[in-house]
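The values are calculated or read from the model by the stated rules, or taken from the named source; none is laboratory data. What you are looking at is a predicted structure, and each value in this text was computed from that prediction instead of being measured. All accessible areas refer to the heavy atoms of the entire protein, side chains included, with ligands and DNA or RNA removed. Shrake-Rupley method; radii C 1.70, N 1.55, O 1.52, S 1.80 Å.
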Amino acid sequence: MEPAIASGAYYEAHQQLRVIAARYIKQANYDAAAELLAGGATALLRAGSQQGASASGGDLAIMLVIEVYTKAGWEITGNDDDTEGRARKSKS
């Protein structure tokens, strides 16, 4: 997804990340979904507000919390060494 984001194809990258993450969630592979969504959200938020990159990043961060954390039964601890910490960073 990095090349798509770097080239400015924010919406395409956003939609691809959502589809792949949804597949991981359906398989109960929450770690992979969390890693993908946190990384994608971070990359899009760093891309800035051009053509909705920040909105797409925010949407992925919301999907991470609502879809992954809720279904996996995880709590946000703020520990930077775990998935929750990485996700927390992606929203800031």
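Points to keep in mind about this one:
- Under Karplus coefficients 6.51, -1.76 and 1.60, residue-wise ³J(HN,Hα) of segment 63-77 in Hz, glycine/proline x: 4, 4, 6, 6, 7, 7, 4, 5, 5, 7, x, 7, 10, 7, 9
- VAL19, VAL68, reordered so the largest accessible area comes first (probe 1.4 Å): VAL19, VAL68
- Separation of alpha-carbon centers, segment 1-32 and segment 51-69, rounded to whole Å: 11
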